[in-house]
Amino acid sequence: MMNELQSGDPQDNRNDPHSTGSASETASDTTTNNTPDTTSTNTATGASTDAAATTSESANDPATTATTNAAADTITPDIPTSTGTSTNAKTTTTEFANDTATNATATHIHFPLRQAATTIVCIAALASLWYARAVYNTHTGTSFWLFWVALALALGVWAAAIWFHWWRALPNAARIPIGIVLCVALCSFGMSQAAIVSHMRDEGDRNLDYIIVLGAQVYQGSPSLVLRYRLDKAAEYLRANPGTTCIVSGGQGPNEPYAEARGMADYLEHDAGIDASRIIEEPDSSTTVENLRNSRAIIDSANNTGSAGDAASEPSIGIVTNDFHVFRSLQIAHDQGYTDVRGIAAGSPRDMLLNNMVRESFAEAKYLIKR
């Protein structure tokens, strides 16, 4: 009987497709594919295989071998198949539930934020339009109110970009340069605003030789509100310092009835009570640069100073202008050769302060470019 089994008898367990060895291999493969932890299952399957092989070799009775094989076929495959299916089903269900919850949460958070950002930018655009109208109604003689209209349009485009994800649609080749330009512009604007604020409370020194009042819009019979702040501050200083001489500087613009210097002198003399002998008119300038250049010429002529004069006899000078305008005025004065100069900050209309400070940043940029 032993020789027949070794020579390929049909009863040989090793050649039987239903033998314990084949079943255990199939079960082991199934377990490996379906579940990450197969140690205990493979151990059990291996034990059944070894037991079946031992029984086959020790007992030559075909009936015993068939019984062992049948038992192995019945018991062994069920363990990994059932365990693997259960584990995978549970894992898949958990992952699907987690993904669904995450996506739902992301959608719930993302949409309200986008909606809120769009709403805020739209409100800012409407506020900019309203402010443009307010600036226009002051009739300051400038067209800077158009800046606020342009800003409103830019904010409207920004709101649309947020809502329709236009920024994400741009390629990196476009987004990077745009981002750099915006960052540089914002940083430059912030630096100019900081410089403006740093001189908004300048008081000057006492007993200056001269003060120069820079001109602004005048109407028939009265100065504009902005100019009145300057003139009132000049009158206050002149009353407190009787030895100081005042130069009022400003020419006639296309929308003005007469030269600004003429209107300023009238206001100081008749409304503020300053003696006319202390007031010198400079009626030919149309910009801050010309205000200070022409006024400097008058001072040099009266005191024999300047390039040909003695530096020790340089007169002390104060520049009277609105608080938002002091920084640039001092900057221009130094460029015009003023060495002993101080700022004297007058007030300004609070409702127009934002407009004036933004406009001053643009004026500063323009001056530095043309410098």
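Ranked from highest to lowest mean number of other Cβ atoms within 10 Å per residue, what is the order of the peptides 344-355, 244-255, 220-231?
The densest-packed peptide leads the list: 244-255, 220-231, 344-355.
Which of rounded, prolate, oblate describes the range 252-304, given a ≥ b ≥ c as roots of the alpha-carbon gyration tensor eigenvalues and a/c under 1.5 marking rounded, otherwise prolate only if a/b is larger than b/c?
The shape class here is oblate.
In nm, to one decimal, how far is the modelled label at Leu153 from the one at Leu129, with both set 7 Å along Cα→Cβ?
1.3
Compute the distance in nm between two label points, each set 7 Å from the Cα along the Cα-to-Cβ direction, one at Tyr367 and one at Cys183.
Calculated label separation equals 2.9 nm.
In debye, nearest 20: dipole of the range 154-304 around its Cα centre with unit charges on the Cβ of K, R (+) and D, E (-)?
Here the size comes out at about 920 debye.
Stretch Asn241-Ala161 to full length: gain in nm at 0.36 nm per residue minus the Cα-Cα span?
23.0 nm
Taking amide H positions as placed in the peptide plane 1.01 Å from N, state which residues far from Gly318 in sequence (5 or more) or on other chains have amide H under 5 Å from it.
Those lying under 5 Å, H to H, from Gly318 are Tyr210, Ile211, Ile212, Arg342.
Once every Cα of the range 330-371 carries one equal point scatterer and solvent is ignored, give the base-10 log of I(q)/I(0) from the Debye formula at q = 0.17, 0.20, 0.23, 0.33 Å⁻¹, two decimals.
-0.64, -0.81, -0.92, -1.04
With every protein chain in place, what's the accessible area of Val289 (1.4 Å probe, Å², nearest 10)?
40
What are the semi-axes of the equivalent ellipsoid for the range 120-241, taken as the square roots of 5 times the Cα gyration tensor eigenvalues, largest first, in whole Å?
Computed over the range 120-241, the values are 42, 21, 10 Å.
If you build the Cα gyration tensor of the range 229-371 and take the root of 5 times each eigenvalue, what three semi-axes come out, in whole angstrom, biggest first?
Semi-axes, largest first: 23, 21, 15 Å.
Please report how far the C-alpha centroid of the range 180-237 lies from that of the range 137-172, rounded to the nearest whole angstrom.
Cα centres, the range 180-237 to the range 137-172: 28 Å.
Trypsin sites (Lys or Arg not before Pro), restricted to the range 136-220: which are DSSP loop and have at most 15 other Cβ atoms within 10 Å?
Arg201, Arg206
Under the Kirkwood approximation for Rh and a Cα-based Rg, what ratio Rg/Rh is obtained for the range 202-269?
Result for the range 202-269 is an Rg/Rh of 0.99.
The values are calculated or read from the model by the stated rules, or taken from the named source; none is laboratory data. Source: prediction; values computed, not measured. Note that each Cβ is placed from the backbone with ideal geometry, even for glycine, and that neighbours are counted across all protein chains shown. Just so you know, the surface numbers come from the protein's heavy atoms only, side chains and all, with ligands and any DNA or RNA stripped out. Shrake-Rupley method; radii C 1.70, N 1.55, O 1.52, S 1.80 Å.
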